[in-house]
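Working notes, beginning with the structure itself.
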């Protein structure tokens with residue numbers, strides 16, 4: 001299914017270009033994600049992630065919880081739904097202060113990169129309304145919209161980021177073979193497809209049902225360990 005066939009850039013008339021998705025999802029895009037492990041550092045310290053098999057289980061759990069929520073928020077933002085309402089919905093779905101702080105810091109960094117790459121009045125308005133940073137998935141969706149991408153593309157970018165970040169971090173934390181980490185991501189690809197589609201479907205319902213239509217899947221252990229990790233005196237990753 002082509003997720004960009006019916007999308008136009010803001011104020012433009014040309015079809016969206018899928019290549020922009022590669023730029024947005026590239027780990028080298030200067031959005032600050034490389035400094036965050038997505039909870040993997042705490043999981044490694046606790047012994048819950050120690051090899052490729054346990055990394056896959058960790059990433060699968062994260063994809064179906066935090067990844068789904070982020071993907072739906074990003075897709076809804078890419079549809080043009082009120083980003084301030086979505087930011088409030090993201091706050092409600094992020095129960096611990098440490099993760100809210102991380103989401104806003106990442107959103108602020110992504111906003112800087114996005115406005116330099118795809119200038120947009122919508123991005124400017126959100127930056128003015130949330131000077132301390134909006135939640136990263138909301139900024140991600142608005143960035144995808146500015147780049148001429150579809151809600152499904154935004155969902156894919158958010159869902160992929162939810163697993164690629166931890167996988168990359170564990171390579172550094174455990175000296176895990178990068179081939180094994182890439183194999184984890186490849187095996188998760190069919191589930192990532194389903195999460196992205198589910199996220200887009202939820203975003204479509206937001207138009208008529210409001211933000212209550214967005215998923216609120218929880219991962220209590222990720223929340224608890226994120227709060228503990230924020231108090232560590234020595235750590236390799238910011239989260």
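The values are calculated or read from the model by the stated rules, or taken from the named source; none is laboratory data. These numbers come from a predicted model, not from an experiment. Glycine gets a Cβ as well: all are built from the backbone with ideal geometry, and neighbour counts include every protein chain shown.
Is it the case that residue 210 is at pLDDT 95 or above and at positive phi? When the stated conditions are applied, residue 210 passes them. Can you confirm whether segment 102-112 contains a residue that is more than 16 Å from residue 137 (Cβ to Cβ) and either over 14 Å from the mean Cα position of the chain (by Cα) or part of a helix (DSSP H, G or I) (or both)? Yes, segment 102-112 contains a residue that is more than 16 Å from residue 137 (Cβ to Cβ) and either over 14 Å from the mean Cα position of the chain (by Cα) or part of a helix (DSSP H, G or I) (or both).
For the condition without any contact (Cβ under 8 Å) to a residue 60 or more places away in the chain, farther than 27 Å from residue 44 by Cβ and under 13 Å from the mean Cα position of the chain (by Cα), residue 134 qualifies. Taken over segment 45-57, the criterion of being part of a helix (DSSP H, G or I) and surrounded by fewer than 23 Cβ atoms within 10 Å (Cβ to Cβ) is satisfied by 45, 52, 53, 54, 56, 57. Only a single criterion out of (1) buried (at least 17 other Cβ atoms within 10 Å of the Cβ); (2) over 20 Å from residue 28 (Cβ atoms); (3) modelled with pLDDT under 95 is not satisfied by residue 237, namely (2). Within segment 94-112, the set of residues being surrounded by 18 or more Cβ atoms within 10 Å (Cβ to Cβ) and out of contact with any helix residue (DSSP H, G or I) (no Cβ under 6 Å at 6 or more places or on another chain) comprises 102, 104, 105, 108, 109. Candidates in segment 211-234 are the residues that are in contact with a helix residue (DSSP H, G or I) (Cβ under 8 Å, 6 or more places away or on another chain) and assigned to a loop (DSSP other than H, G, I, E, B); of these, the one that is surrounded by the most Cβ atoms within 10 Å (Cβ to Cβ) is 214. Return the residues of segment 113-138 that are buried (at least 19 other Cβ atoms within 10 Å of the Cβ) and in a loop (DSSP other than H, G, I, E, B); say none if nothing qualifies. 118, 120, 130, 133, 134, 135, listed by residue number.
Exactly one residue out of 81, 34, 64 is over 12 Å from the mean Cα position of the chain (by Cα) and not in a helix (DSSP H, G or I), and it is 81.
Condition check ((1) crowded, with 24+ Cβ neighbours inside 10 Å; (2) not in a helix (DSSP H, G or I)) across all residues:
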site: 158; (1), (2): yes, no
site: 161; (1), (2): yes, no
site: 165; (1), (2): no, no
site: 171; (1), (2): no, no
site: 176; (1), (2): no, yes
site: 179; (1), (2): no, no
site: 183; (1), (2): no, no
site: 186; (1), (2): no, no
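Can you say whether residue 200 is touching a residue at least 60 places away in the same chain (Cβ under 8 Å), out of contact with any strand residue (DSSP E or B) (no Cβ under 7 Å at 6 or more places or on another chain) and either crowded, with 16+ Cβ neighbours inside 10 Å or under 16 Å from residue 61 (Cβ atoms) (or both), as far as the supplied structure shows? Considered against the rule, which asks whether it is touching a residue at least 60 places away in the same chain (Cβ under 8 Å), out of contact with any strand residue (DSSP E or B) (no Cβ under 7 Å at 6 or more places or on another chain) and either crowded, with 16+ Cβ neighbours inside 10 Å or under 16 Å from residue 61 (Cβ atoms) (or both), residue 200 comes out as yes. When 85, 75 are checked against the criterion of being touching a residue at least 40 places away in the same chain (Cβ under 8 Å), over 17 Å from residue 180 (Cβ atoms) and surrounded by fewer than 19 Cβ atoms within 10 Å (Cβ to Cβ), 85 stands alone in meeting it. For residue 91, are the conditions met, namely being modelled with pLDDT of 95 or more, under 16 Å from residue 219 (Cα atoms) and surrounded by fewer than 19 Cβ atoms within 10 Å (Cβ to Cβ)? Answer is yes for this residue.
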